[in-house]
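Visitor: One structure, pasted below without further comment.
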Amino acid sequence: MGLIQELKNKFPQGWKQNLRGEVRWLSGYARRFRVTIAVHILLGVAGIVLGLASSVASKYLIDAVTGYNTGAIGLAAVCMIGMMAGRILLKAVTSRISAQLDIRLHNEIQANVYRQILLADWQSLEQFPSGDLLNRLNSDVNTIAGSLVGFLPSLLSGLVQFFGAFAIIIYYDPAMALIALLGVPVSVVCSRLMVRKMHSYNRQLKQVSSEVMSFHQDSFQNLTSIKAFGITDMFCGRMDDIQEKYRDTYLSYNRFSVYASAFLSVVGMVVSISCFGWGVYRLWEGAITYGTMTLFLQLSSTLSGSFSSLVGLVPSLISLSTSTQRIMAVTELPGEEQAVDTAFAGETEFSLRLNAVSFSYQDGNSVLENATVAAEPGDLVALTGPSGEGKTTLLRILLGLVAPEQGQALLIGGSGREYRLSAATRGAFSYVPQGGSLFSGSIRENMRMIAPEATDEQIWEVLRIACAEDFVRALPDGLDHPIGDRETGLSAGQSQRIAVARALLRGAPILLLDEATSALDEQTESIMLHRLMSSGRVRTCLLVTHRPGALKYCARGYHIHNGVVQEVR
């Protein structure tokens, strides 16, 4: 009892509840493909049965060749060849089914996880770096899909192979069967003791791998800045450091795996030598035939190999558990309130009200304190102030990405009806964020992401309003001009104007511009803002800017400093 309790203490608190949750989550996907998985398992088991049967057939073939039963040589040879051919066919079919099942499972899990990440609450999702999310979406999903395809079939096939070989051996020689099982207790105890250690190593490797991916992504997104500041060597040095961290973690895990594998291999070798010695002794006594001796050697090797394979599933199971926990951590995040298509039925104009709004991020950093902001239909409102003082946070509140801790954030329709700002009110807004906001593809594809049914005439119209028509028409491919993942081929000002045009195409009554004119000269900015407010496509516009001069274009303005909002005229 003491040993059992000690083994239980090796596992973390709550592991049973976590395991049940993981099993339920995985079962949800396994049930959808249960027929294909069942066929895959049956084919695998059939291949194992044919392998065991061919071992028995080889015994009779050797006995016939050595003169023990010469009349059975033809039948034994035919059976053995037929079974070997059957195994080859089954292996090919199983491999094909496995590949099809793997890709279907992978795509479905990845698509579901991707969707749940996009629908997750914005602030809750902020705790995960983008590189870590990519690692979970790719590496962890690959592990889960591969394990769902391979783990259960490998487990059942291994069990059938182990007990089948054991049954055949015990039929011919019970003592040999007992010798073949000598290593089982040792392997079981070692496997139980290894579980916690392997789980820890798996988590460390996943974490470091996520850090590597985050570093790569950050480097490539800021490649221009790295080159411009001449800090290429510094980033290469950081790359060396993070690679060294990954190397140390990987080699530490590898060292542990090598020692554990070597120990289990020694146990298996002792068992194999014992089986071989016993078989030789029985053959010397004349108690068994040469065919039986060959069968014993084959099956003892099969028995040892199948048990090693079963033990070898432990790391796969731990890796599956780790990846499942990491995926569940993001898929179980609270979701956003979903928009209702009819929420704004009959409403064409809206007023905005932020009344005594306060907000802090999860790190406790207070960003806004008792902020009051108003915007009426037809208003162009400026939000000014130093960087990092809360302007972008205020826009996030308007978009329903975060909710105020205190105060009211309201959208008021022309009918007088009030709507609490949330994800469900996001349809009233178009938004142009800071920095690059265009996606890889052509200009036309970027525009139609917002309005799939938009005609070329409508696209050209919004491009004209955003002061982008002339330079787009001058491009060799016009609307089909390709945009790279870093918006290559366009200047910063051109990218901003296309992004503004895309926002206009949505047709929402309120337009939010977060430093979306920072790369434009004042004349172009003035022309664009005038066109926006006179186009009929925008009723209200909030402009975040560092330029105090932009206030002259605005009906009202607000200055944000140290979380305090003051109205300026």
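Visitor: Lys and Arg at +1, Asp and Glu at -1: add these up for the other residues within a Cβ distance under 14 Å of ILE179 and post the number.
Guide: So the surrounding residues net to 0.
Visitor: Ratio of alpha-carbon Rg to the 2.2 N^0.38 Å globular estimate for segment 506-556, to two decimals, please.
Guide: Cα Rg divided by the expected 2.2 N^0.38 Å: 1.07.
Visitor: Run the count for the chain, please: Lys pairs, Cα-Cα under 26 angstrom, 8 or more apart or on different chains.
Guide: So the count of such lysine pairs works out to 13.
Visitor: Rg (Å, one decimal) plus Dmax (Å, integer) for the alpha carbons of segment 94-183?
Guide: 21.4, 67
Visitor: Based on alpha-carbon centroids, what's the gap between segment 257-294 and segment 521-548 in Å, whole number please?
Guide: Rounded to whole Å, the Cα centres lie 84 Å apart.
Visitor: Is the shape of segment 89-135 rounded, prolate or oblate, going by the alpha carbon gyration tensor and its root eigenvalues a ≥ b ≥ c, with a/c under 1.5 for rounded and a/b larger than b/c for prolate?
Guide: It is prolate, given that a/c is not under 1.5 and a/b is the larger ratio.
Visitor: For segment 34-183, what's the radius of gyration and Dmax over Cα atoms, in angstrom?
Guide: Every Cα atom of segment 34-183 included, Rg and Dmax give 23.2, 80 Å.
Visitor: Using all Cα-Cα distances in segment 343-457, what percent lands in each 10 angstrom bin from 0 up to the longest?
Guide: That works out to 12, 37, 32, 17, 2, in percent per bin.
Visitor: Multiplying the sequence separation of ASN142 and SER309 by 0.36 nm and subtracting their Cα-Cα distance, what value in nm do you get?
Guide: Difference between extended and current length: 58.0 nm.
Visitor: Each residue of segment 352-360 in turn: what ³J(HN,Hα) in whole Hz from Karplus with 6.51, -1.76, 1.60 and θ = phi - 60°, glycine and Pro shown as x?
Guide: 10, 9, 10, 10, 6, 7, 10, 8, 9
Visitor: Given N residues in the chain, what is its alpha carbon radius of gyration divided by 2.2 N^0.38 Å?
Guide: 1.38
Visitor: First select every other residue whose beta carbon is under 11 angstrom from the beta carbon of LEU380; then total the charges, Lys and Arg +1, Asp and Glu -1.
Guide: +1
Visitor: For ARG20 and ASN112, FRET efficiency with R0 = 35 Å and r from the beta-carbon atoms, rounded to 0.05?
Guide: So, using R0 = 35 Å, E works out to roughly 0.95.
Visitor: Provide the per-residue ³J(HN,Hα) series for segment 466-479, in order, calculated from phi with Karplus coefficients 6.51, -1.76, 1.60 and θ = phi - 60°, each as a whole number of Hz, with x at glycine and proline positions.
Guide: 8, 6, 10, 4, 4, 6, 5, 5, 7, 5, x, 9, x, 5
Visitor: Calculate the spin-label point distance for ARG104 paired with GLN523, positioning each point 7 Å from the Cα along the beta-carbon direction, and give it in nanometres.
Guide: It works out to 6.4 nm between the two label points.
Visitor: Related question: So what are the radius of gyration and Dmax for the Cα set of segment 254-316, in Å?
Guide: According to the Cα coordinates of segment 254-316, Rg and Dmax are 14.6, 47 Å.
Visitor: With the crude spin-label approximation of a point 7 Å out along Cα→Cβ, what separation in nm comes out for PHE471 versus GLU285?
Guide: Each label point is offset 7 Å from its Cα along the Cβ direction, giving 9.3 nm.
Visitor: A further question follows. Bin width 5 Å, origin at 0, all Cα-Cα pairs of segment 451-569: what percent of pairs per bin?
Guide: Each 5 Å bin holds this share of Cα pairs: 2, 10, 20, 23, 19, 13, 7, 4, 2, 0.
Visitor: Taking every DSSP beta bridge with both residues inside the chain, roughly what % is antiparallel (nearest 5)?
Guide: Taking every DSSP beta bridge within the chain, about 60 percent pair in antiparallel fashion.
Visitor: Would you mind computing, in nm to one decimal, how far apart the modelled labels at ALA492 and THR455 are, each placed 7 Å from Cα along Cα→Cβ?
Guide: 3.8
Just so you know, all these numbers are worked out from the coordinates, no wet-lab data involved. Because the structure is predicted, anything quoted here is derived from the model rather than measured. So basically every Cβ, Gly included, is an ideal-geometry build from the backbone, and we count neighbours across all protein chains shown.
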